[in-house]
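A short reminder: the numbers here are calculations on the coordinates, not readings from a lab. Source: prediction; values computed, not measured. Positions of Cβ are generated from backbone atoms using ideal geometry, with glycine treated the same way; all protein chains shown enter the neighbour counts.
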Amino acid sequence: MSRIAYILRRLLQMIPTALGVTILVFFLIHLIPGDPARAFLGPHATASLVNAFDKRWGLNQSLPVQYWLFLSRLVRGDLGTSFFYQLPVTTLIMQRIGCTLLLLLYATVFTIAITVPLALIAATKRDSLRDHIIRGIPLVGLGMPTFWVGIMLILTLGLKLQLFPVGGYGNGLLDHLWSMVLPGLTVAFAISPMTIRSLRASMLGILESDFVTTARSKGIPERRVIGIHAMRNAVIPAITVLSLNIGWLVGGSVVIEQVFALPGLGELMFEGIFNRDFAVVQGVTLVFAVLIILVYLATDIVYSFVDPRVRLT
């Protein structure tokens, strides 16, 4: 199957997955304690005001009817309107999705930059002091909560050394890029322990394989043997681990964006839950689900480029 056909098929498969997500989110969010009308109007609002609010936003309808209205808008590309912001949810998402996507990009780049050299050193210097130190990094890293790592980076690189902004998104492209360094490092420090372990273990197996021995016997420089022959075959398990964690980050961006006061989808989700803004929570969750599916789709495509033996079916 060609890559184009594969991509189109996977995109079509997103439809039932996204539909399932909408069903779960729609009905689960109504289990959250609290009344949207009271959250917006205040605890002292009169019954008539509450009834008028519910009628205005369709909250007086039964849940199946509300869900049907949500689906009927969704097929037209309308995610509804936020009663808290008084804006279309699509507009709110488009205003904030760039921040979240930039965070994902930084996290991926920093994770690769940390993982590849450390895993190569550990695999090529097996059982040396450097290998033992690098193998100990995942044990320490896995025990540190992401929000704690972010706070430590803020205190050291942000406040003490004053190298990077400690929060916010800045104004303009350069400010955006600079303000994402600490959040990206925070995520990379959380993800890289697992990718280092995965890539090191895979490299150790590849370096003992027959084709690597043959390449060495032909006099091919060691750097080329490791960098091209071994790395290309060992990288797939690490890509899998990275994609799974990037998928986790999409949903877990709420914490990172709260720590660094980033105006992304995670913060929008938090505000939507706090304000009982059902339309916002449903819309952001649907976007998160689509982003995770796209990450896994991109991973499969990368597989086919890295290893020609991989067939997209």
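Overall, the chain carries a charge dipole of about 820 debye about its Cα centre when +1 sits on the Cβ of Lys and Arg and -1 on the Cβ of Asp and Glu, all other atoms neutral. The ranking of Trp148, Trp248 by Cβ neighbour count inside 10 Å, starting from the fewest, reads Trp148, Trp248.
Between the Cα long axis of helix 129-141 and the first principal axis of the chain there is an angle of about 10°, rounded to the nearest 10. 3J(HN,Hα) along the stretch 62-75: 5, 4, x, 5, 4, 5, 4, 5, 4, 5, 4, 6, 4, 5 Hz, from the Karplus curve 6.51 cos²θ - 1.76 cosθ + 1.60 with θ = phi - 60°, whole Hz, x for Gly and Pro. Highest mean packing first, where packing is the average number of other Cβ atoms within 10 Å per residue, the peptides 291-300, 236-245, 66-75, 7-16 line up as 236-245, 291-300, 66-75, 7-16. Computed over the chain, the per-residue total of -39500 (n - 2.57) for DSSP H runs of n ≥ 4 gives a 222 nm mean residue ellipticity of -24000 deg cm²/dmol, rounded to 500.
Annotation: amide H-H contacts under 5 Å for Thr81 (H modelled 1.01 Å from N, sequence separation of 5 or more, or interchain): Val89. Checking every one of the trypsin sites (Lys or Arg not before Pro) in the stretch 108-195 against DSSP loop status and a limit of 15 other Cβ atoms within 10 Å picks out Lys125, Arg126. Output the direction-averaged projected area (hull surface divided by four) of the convex hull of the alpha-carbon atoms of the stretch 92-306, in nm². For the stretch 92-306, averaging the hull's shadow over all directions gives 13.7 nm².
Computed from backbone phi, the HN-Hα couplings of the stretch 54-59 come to 4, 5, 4, 9, x, 7 Hz, rounded to whole numbers (Karplus: 6.51 cos²θ - 1.76 cosθ + 1.60, θ = phi - 60°; Gly and Pro given as x). Percent of C-alpha pairs per 5 Å bin in the stretch 49-179, short distances first: 2, 8, 9, 13, 12, 10, 9, 9, 9, 7, 5, 3, 2, 1, 0. Taking every alpha-carbon pair under 8 Å whose residues sit at least 6 apart, the chain reaches a relative contact order of 26 percent.
For the stretch 3-89, the convex hull drawn through the C-alpha positions has a volume of 114 cubic angstrom per residue.
Computed from Cα atoms, the angle from the helix 265-274 axis to the main principal axis of the chain rounds to 40 degrees.
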